[in-house]
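The values are calculated or read from the model by the stated rules, or taken from the named source; none is laboratory data. Note that the coordinates shown come from a computational prediction; the quantities given were computed from them, not determined experimentally. Cβ coordinates were reconstructed from backbone atoms using ideal geometry, including for glycine residues, and neighbour counts include every protein chain displayed. What goes into the accessible areas is simple: the full protein's heavy atoms, side chains included, and nothing from ligands, DNA or RNA. Shrake-Rupley method; radii C 1.70, N 1.55, O 1.52, S 1.80 Å.
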Amino acid sequence: MTTSSNSSNPSQAQTSGMWGGRFSEATDAFVTEFTASVQFDQRTYKQDIAGSIAHATMLAKVGVLTEQERDDIINGLNTIKSEIEAGQFEWRIDLEDVHMNIESRLTQRIGITGKKLHTGRSRNDQVATDIRLYVRDEIDAILKLLEKLQKGILRLASNNTQTIMPGFTHLQTAQPVTFGHHLMAWFEMLVRDSERLIDCRKRVNRMPLGSAALAGTTYPIDRAFTAELLSFEAVAENSLDAVSDRDFAIEFNAAAALIMMHLSRMSEELILWTSAQFKFVNIPDRFCTGSSIMPQKKNPDVSELVRGKTGRVYGDLMSLLTLMKGQPLAYNKDNQEDKEPLFDAIDTIRGSLMAFADMIPALVPNIDIMREAALRGFSTATDLADYLVKNGVAFRDAHEIVGKAVALGVQESKDLSELTLEQLQQFSDLIQADVFEKALTLEASVNARNHIGGTAPAQVAAAIERAHTRLEKLYA
Ligand code: ARG
């Protein structure tokens, strides 16, 4: 990074080559640095170059550029792309942003033709286009990661349709569920996340280019043609809106915040489940770290970090919303502040999903310990109540009867299934010997919830089947 302006002696400094005409002194060195975005927007170089190539192609089609000029520009831009990718490109902070760095280098390489590229265009529609292309690419990459994670969850779930664990409400043991069913709850959250991104992508995928600075341009441009070249679904309809709109970034960040919220909830469960108190699952060592002082420790760092990073992505969303709330039409320099939060959200979500897509399918459930936990905590109490209802008792009365049986269990430190038939019968003579296999065993409990959305192993297996088809449709 170099700066060419000199704040101590502005009169001798060069004014910027990009707008020097109107200026009588150079920009202050600090102001140059303060107003620059190239430090962070250089990551959009690919999109910037793709946008410029499409723009030049369109300009040649409508006769504003000759074919020779178009080809020189395209070749020049492709060479610059290689330079950037080889790490040979000198990013100059005095050239403010990715757009002017690339344009200036183009002119350096191909001469005066380079100066024609910006005809009928402004950095305002250029940057809005670049960011949309960038977010579009990132959505596609994030969808791939989500798909990988979703498929990993399906694999783990299909191995655990019969694995029984306690289900919780208020984090108190509630009713037995299958581990597969629990995993499929995660799956549902993540499917909604994909649906949201796919929907968001439609509004990302509209092209601002052609709006120029704010009002459109006097050249006979063909926006539909440029849009087609860049695979945009449509052109943005209003030039004032197109250069200033960042809804798409906010919408994306909102979807990202929801993804992080889901990963954070999953993290919280993993952190609980791997604790010595639960021991429901093991996370392979490669996803954990130890303690420098306590030799026994194996910490679920990935989960904790993802839970922690969720806050950043919420923060990014708040930054973007607040950035936009006071802006009059059309472009304002404020808009340059869209990038860092947006990029931070993207990086965070990608890293978190990458870690989860590897870690989740590698989880190892401790089946015996889960089962043992489900046997504790009177998890089949509702089943006993349902048993009584099926034998003619009103539900509220059944609730009362079972409550008394539970109280006895608490007193004797025994689960309902460990009480004798005689003990149970003192609360209702409708309780018969079949109560154990019909209501009080874990298998009876989960098997009985045998409808779509229920925890019965057969239902979970069917849900997994449907899930494969749903994914195929979703990513078609
Ligand atoms: N670096 C600017 C941004 O990120 C590009 C557009 C600047 N346009 C302008 N007229 N200053 O938003």
(message) For region 20-72, which positions are assigned to a loop (DSSP other than H, G, I, E, B), modelled with pLDDT of 95 or more and away from the ligand (no atom under 16 Å from the Cβ)?
(response) V62, G63, V64, L65, T66
(request) Say whether the condition of being open to solvent by 60 Å² or more (accessible area, probe 1.4 Å), polar (S, T, N, Q), farther than 24 Å from E138 by Cα and over 34 Å from the mean Cα position of the chain (by Cα) is met by at least one residue in region 53-71. (result) yes
(message) Looking for something touching a Cys at 6+ places or on another chain (Cβ under 9 Å), within 16 Å of the ligand (Cβ to nearest atom) and either part of a helix (DSSP H, G or I) or among the hydroxyl-bearing types (S, T, Y) (or both) - is there at least one such residue anywhere in region 238-248?
(response) yes
(message) Looking at (1) part of a loop (DSSP other than H, G, I, E, B); (2) in contact with a strand residue (DSSP E or B) (Cβ under 9 Å, 6 or more places away or on another chain); (3) free of Cβ contacts under 8 Å to residues at least 24 places away in the same chain, which one does G216 not meet, given that it meets all the others?
(response) (2)
(message) For region 73-101, give me the residue count where each residue is more than 17 Å from S52 (Cα to Cα), in contact (Cβ under 8 Å) with a residue 12 or more places away in the chain, more than 16 Å from the ligand (Cβ to nearest atom) and not hydrophobic (A, V, I, L, M, F, W, C).
(response) 1
(message) Here is a check on your reading of the model: is L442 among the aliphatic types (A, V, I, L, M) and free of Cβ contacts under 8 Å to residues at least 60 places away in the same chain?
(response) no
(request) Being more than 14 Å from the ligand (Cβ to nearest atom) and closer than 17 Å to V64 by Cβ is the filter; apply it to region 111-127 and report the residue that is farthest from the chain's Cα centre (by Cα). (result) I112
(message) If a residue must be within 28 Å of S231 (Cβ to Cβ), open to solvent by less than 20 Å² (accessible area, probe 1.4 Å) and in a helix (DSSP H, G or I), how many such residues does region 84-112 contain?
(response) 6
(message) So in region 200-227, with the set limited to residues that are of a type in the set (V, I, T), open to solvent by less than 60 Å² (accessible area, probe 1.4 Å) and out of contact with any Leu (no Cβ under 6 Å at 6 or more places or on another chain), which one is nearest to the ligand (Cβ to nearest atom)?
(response) T217
(message) Considering only residues that are surrounded by 14 or more Cβ atoms within 10 Å (Cβ to Cβ) and of a type in the set (D, E), which ones fall in region 15-52?
(response) D28, E33, D41, D48
(request) Please identify the pairs in which a residue from region 461-474 that is on the phi < 0 side of the Ramachandran plot has its Cβ atom under 7 Å from the Cβ atom of a residue that is outside any helix (DSSP H, G or I), counting only partners at least 6 apart or on another chain. (result) A461/T161
(message) Quick check on my filter: what residues within region 435-469 are buried (at least 17 other Cβ atoms within 10 Å of the Cβ) and of a type in the set (D, E, K, R)?
(response) K438, R449
(request) Run down G392, G377 and say which single residue is open to solvent by 50 Å² or more (accessible area, probe 1.4 Å) and not in a helix (DSSP H, G or I). (result) G392
(message) Against the definition (open to solvent by less than 50 Å² (accessible area, probe 1.4 Å), touching a Ser or Thr at 6+ places or on another chain (Cβ under 7 Å) and at pLDDT below 95), how does P341 come out, yes or no?
(response) no
